[in-house]
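This report refers to the structure that appears directly beneath it.
The values are calculated or read from the model by the stated rules, or taken from the named source; none is laboratory data. Just so it is clear, the model here is predicted, and its values are computed rather than measured. Cβ sites come from the backbone with ideal geometry, for glycine too, and all protein chains shown count toward neighbours.
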Amino acid sequence: MKTIQLFLIVSFFFIGDLFSQGFISDQLSKKKNIDEEEVPWEDPSFPGSWPMSGKGNVRMKIGGYMKNDFVYDVNGTRDKTQFLMSTIPVKGEADYGSTGYVSFFSKETRINLDVRSKVSNTPVQMFVEGDFFSSTGNQFRMRHAYLKVGKFTFGQTWTNLTFLETLPFIIDFAAGDALFGGRSNQIRYETNINKNWLFGASIEYLENMGIENPNTLNGVAQAQLPLLSMKFIYSKKNTKLFFGASAAQLNWTGGPEGKNASTPQLDIIFGGRRQINRKNSVSWNVNYGIGSGENILAFIGSNANAVLTQEGELVAMKSFSALVGYTHHWNEKWSSNFSYAYGWLMDIPDSRDPFALKAGGISHINLVWQPLKYFSTGIEYMRGTQRTANSALGTANRFQLMTKFDF
């Protein structure tokens, strides 16, 4: 037994010596792939990736970040992990005037796998990403899972009309309160019309009908048709402009004892971003919709699209949202971001829940320090208001500190 142990120890030292002399690394670099072509370890077009052994020209990369958040909430908003308009208590609710609390969490931490290749000069990509921001505990949840083949995208990712570039960097997870969009399963086509214009069109699954049923009528809200959308993106020098529109159908299936009802959903979106100079940039996003309040991030989950009346008819509500952002770089390591988002619903039926979100606004301002390439930290102050359907008002304040390691 001692002889075997001695042999293993000597073998490890021998292998380590070969590595130190570069012998094994030289031999590995001489190996060919299955097509007898040398596969380079680095690829400038796909930074941080490496070739998959035995897979020819297939490359992969693991990415993501670890983020730790430390919150002090002044007014007792109901969600301890993100600052949402709909979670601000208003006058008349039992928790209005609550005391503050602290909350520490790492739920935003995420990891992704990016695999790319080319088949007959057509780029192919598979991307999967998840985080721990589930509604229950710290369970892992899927954010993105899509396949890109040439100009087509198949699977779950940001909707065709989610213009993320109109957002500055915000520490709070609910950064895009007035942003239109989210994630959906879809089939998308994108192409460059010329050097300045990009066109995109999509067929998407409308998962959330957003229909309020105050009279508890028989039936269920379910999609019968997909959402259709198109966008145009204009890019030139330091300016990028976004234009988009979508159409869908809200549907209520009454079943054997109820009534069937449907109404159109329509949206128009305009956004942009401009780099003023090396240190300053501004961004904005404006949306107007009919029956599409749930497509505004702040209104998700509040049944903000339509109300089912006692007669079994769907009454669509109109919605409007606006977002403005500003970023300033103090120097190479310090930066600040400001954003203000506001959204509201119009043509609200009297039968809507009196404490349902009607309008609200949230502002964020932060200071971020990045002393190292992959590490950053910062602090953010946010203030929000919510006005409900019965005109009750609530205001809340929150501070949030974060540490973040990107990889």
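Quick notes
- Residues located in segment 325-341, provided they are assigned to a strand (DSSP E or B), out of contact with any Ser or Thr (no Cβ under 7 Å at 6 or more places or on another chain) and not small (G, A, S): Y326, W334, F338
- Of all the residues in segment 57-72, those that are surrounded by 15 or more Cβ atoms within 10 Å (Cβ to Cβ), out of contact with any Ser or Thr (no Cβ under 7 Å at 6 or more places or on another chain) and farther than 24 Å from R143 by Cα number 0.
- Residue count, segment 362-377 (criterion: in contact (Cβ under 8 Å) with a residue 12 or more places away in the chain and either surrounded by fewer than 18 Cβ atoms within 10 Å (Cβ to Cβ) or touching a Lys or Arg at 6+ places or on another chain (Cβ under 8 Å) (or both)): 11
- Taking the criterion of being farther than 22 Å from F83 by Cβ, buried (at least 18 other Cβ atoms within 10 Å of the Cβ) and either within 9 Å of the chain's Cα centre (by Cα) or of a type outside the set (G, A, S) (or both), the residues of segment 157-185 that qualify are T157, T159, N160, L161.
A quick yes/no check of all residues on (1) modelled with pLDDT of 95 or more; (2) of a type in the set (S, T, N, Q); (3) over 22 Å from I348 (Cβ atoms):
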| residue | (1), (2), (3) |
| --- | --- |
| N260 | no, yes, yes |
| T263 | yes, yes, no |
| R274 | yes, no, yes |
| S292 | no, yes, no |
| N303 | no, yes, no |
| Q310 | no, yes, no |
| K318 | yes, no, no |
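- Cβ-Cβ distances below 6 Å connect the following pairs, each with a first residue in segment 344-359 that is touching a residue at least 12 places away in the same chain (Cβ under 8 Å) and among the β-branched types (V, I, T), a second residue that is part of a loop (DSSP other than H, G, I, E, B) and surrounded by 21 or more Cβ atoms within 10 Å (Cβ to Cβ), and a separation of six or more residues or different chains: I348/M317.
- Residue check for R278: in a strand (DSSP E or B), out of contact with any Asp or Glu (no Cβ under 9 Å at 6 or more places or on another chain) and farther than 30 Å from T216 by Cβ: no
- Being in contact with a Lys or Arg (Cβ under 7 Å, 6 or more places away or on another chain) and either surrounded by fewer than 21 Cβ atoms within 10 Å (Cβ to Cβ) or on the phi > 0 side of the Ramachandran plot (or both) is a property that N138 has.
- Of the criteria (1) assigned to a strand (DSSP E or B); (2) modelled with pLDDT under 95; (3) within 26 Å of I170 (Cβ to Cβ), which one K118 fails: (3)
- Restricting segment 231-259 to residues that are part of a strand (DSSP E or B) and of a type in the set (D, E, K, R), the residue that is surrounded by the fewest Cβ atoms within 10 Å (Cβ to Cβ): K236
- Residues (assigned to a loop (DSSP other than H, G, I, E, B) and touching a strand residue (DSSP E or B) at 6+ places or on another chain (Cβ under 7 Å)) located in segment 68-90: V74, N75, G76, T77, K80, T81, F83, I88, P89, V90
- Filtered residues of segment 40-65 (kept if within 23 Å of the chain's Cα centre (by Cα), among the hydrophobic types (A, V, I, L, M, F, W, C) and under 24 Å from S120 (Cβ atoms)): F46, M60
- Among residues of segment 128-141 that are closer than 11 Å to K107 by Cα, those with a beta-carbon under 6 Å from a residue that is exposed (fewer than 14 other Cβ atoms within 10 Å of the Cβ) and among the small types (G, A, S) at least six positions away or on a different chain give the pairs R141/S134.
- All of F104, F133 fail the test of being in a loop (DSSP other than H, G, I, E, B), of a type outside the set (D, E) and closer than 23 Å to I379 by Cβ, apart from F133.
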